[in-house]
Every structure is written in structure tokens, then in C-alpha cells.
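Dropping a structure here in C-alpha cells format, bear with me for questions.
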Amino acid sequence: MKEELIGANYGSRNQVTRWTEVKVLETYKRLEERRKKDPTVPKKPDYPEAVVPVKQALPIKRSVAIFYQRKKQK
């Protein structure tokens, strides 16, 4: 959201990052309204779906596995 405001020249990166969340939301609403009225305003970027990597199980060292087995036996 902040990147879109920076791209639409609502302020520099340094300025926009210091804004409160309320000000960012209000300004973003104004940008959305401006996009509907003015065709020269930069369009909303098409963000690709986030790819979530599948976590792979790490191999357990044999000494650690033996430790847990002994702990369970006690």
C-alpha cells in the first residue's frame, strides 16, 4: 500500500514510512477515488499470489534420536 502511494507521488519513501496507519489508509482511499476519475494516475499493480514453500522435515541425528528414546524409557 505504501509502495503504491510512493509510486503515485504522494510523498517520498522517507515521508510515507513515517506516516501513521490512519493517514496511510485515508491517503490510499483518496488515491483509489482518483484512480476512478483520472486515467493518468498509475494503475493498481497486479500482485502475484504468494508462493508458500513447503517445509521439509530435517533429518534427526542418530545420537539425538537415541537420547529421546532413552528419555522415554525412564
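Nothing in this text is a laboratory measurement; each read-out follows from the coordinates by a stated rule. These figures come from a predicted structure and were not determined experimentally.
For Lys44, list the aspartates and glutamates whose Cα falls under 18 Å from its own Cα; do not include residues on the same chain fewer than 8 positions away.
Correct list for Lys44: Glu3, Glu4, Glu26, Glu32, Glu33.
By how many nm would the segment from Lys2 to Glu33 lengthen if fully extended, with 0.36 nm per residue of separation less the alpha-carbon distance? If you can, show how the numbers build up before the last one.
Values: separation 31, 0.36 × 31 = 11.16 nm, distance 1.62 nm.
9.5 nm is the gain from fully extending Lys2 to Glu33.
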